[in-house]
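Heads up, the thing below is written out as structure tokens.
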Amino acid sequence: MKKVVVLGGSGFVGTQVCTAFTRAGWQVTVPSRARAHAGHLLALPSLSVLEVDVHDEQALCDTLAGHDAVVNLVAILHGSKQAFEKVHVALPQKIVRACLAARIGQVVHLSALGVDAVQPESAPSMYLRSKGQGEVVLMQAAGSGAGAAFALTILRPSVIFGAGDKFLNVFARLQKVLPVMPLAGAEARFQPVWVQDVASAVLRSLKLANLGAPKVFELCGPQVFTLRELVQLAAQFSGIRGGRGRPVIALPRWLGYVQAVLMELAPGEPLMSRDNLDSMRIDNVASGNVPGLSHLGLAAASLAPIASAYLGRK
């Protein structure tokens, strides 16, 4: 039985990834800062949860020992420049050193669509720049050819949807209480991908991985939507105002930034930050220059039948 460590395994994507691995017969280890955060995973067979701070490099090395592969799903959407660098750059550096010490053979890293690993500093947001820098760290460490340190696969998903997401569910919830939907970046374009397709891609990456040049895949659904269209679909599927939803008021860029500043000042995780708006300056759609789900033998699921099922239940 192959053994895999899933970093970020207790989250929205991680839960589906862990489920896919256990169904495929893998033994899964999920490090978590607090065991209670991963309590919902304990019912899965051949899965164990360890109380580990993954940013503690020695603890990370100890966790990886005896495993065959590592999957890194750890990421943040909001924060300072220092926070993005800690999670998206410094953590991959620690993962590299831990993988080399534990002689890990395969690494799968979940990045983001829109990342440029050739010129990471050219990206419009701290999120995308730090994600690109993290890719560079892993690619340089993995190497290529017969002398490769480990087989590396980088997956770049568009925005991820599915039951329990913080995407369509948020739009539906807001429209239940707001009379109108003031929306920054209304015409930004996305190519949403189903969370279970992402989980299948992670599993398939490890099955297909061989030493050589690092492999990069873009994970996108079959359709492109504007943010306005996604907000309207969330209302339609949730049955808000008979499926008509709330009027969407597209905000100009300057007013969108004002709205984002106010959201950042509110307690808790903001619904939208200025850095999110910066990320939306480039379309979140497949470039066509990188292999996609079909190259992993997967057919991308359409959003409508899946989203209408889980939003309709609400």
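The values are calculated or read from the model by the stated rules, or taken from the named source; none is laboratory data. Model, not experiment: these values are computed from the prediction. All Cβ positions, even for glycine, are placed from backbone atoms using ideal geometry, and neighbour counts span all protein chains on display.
Couple of notes before you dig in:
- Hits in region 190-218 - residues which are touching a helix residue (DSSP H, G or I) at 6+ places or on another chain (Cβ under 8 Å) and within 30 Å of Pro247 (Cα to Cα): Phe190, Pro192, Val193, Trp194, Val195
- In the condition set (1) under 22 Å from the mean Cα position of the chain (by Cα); (2) of a type in the set (Gly, Ala, Ser); (3) over 23 Å from Asp197 (Cβ atoms), Ala24 is compliant with all but (3).
- Just one of the numbered conditions (1) over 20 Å from Val202 (Cα atoms); (2) of a type in the set (A, V, I, L, M, F, W, C); (3) modelled with pLDDT of 95 or more is not true of Val118: (3).
- Residue within region 92-107 that is under 21 Å from the mean Cα position of the chain (by Cα), at pLDDT 95 or above, hydrophobic (A, V, I, L, M, F, W, C) and not in a helix (DSSP H, G or I) present: yes
- Scan of region 162-174 for residues that are outside any loop (DSSP other than H, G, I, E, B), farther than 18 Å from Ala260 by Cα and either aromatic (Phe, Trp, Tyr) or touching a residue at least 24 places away in the same chain (Cβ under 8 Å) (or both), ordered by number: Leu168, Asn169, Ala172
- Verdict on Val13 being within 30 Å of Ser279 (Cα to Cα), in a helix (DSSP H, G or I) and outside the structural domain of Glu269 (by TED's automatic domain parsing): yes
- Arg97 meets all of the listed conditions (1) crowded, with 17+ Cβ neighbours inside 10 Å; (2) under 27 Å from Leu128 (Cβ atoms) but one, namely (1).
- Boolean, His78 is modelled with pLDDT under 95 and on the phi < 0 side of the Ramachandran plot: yes
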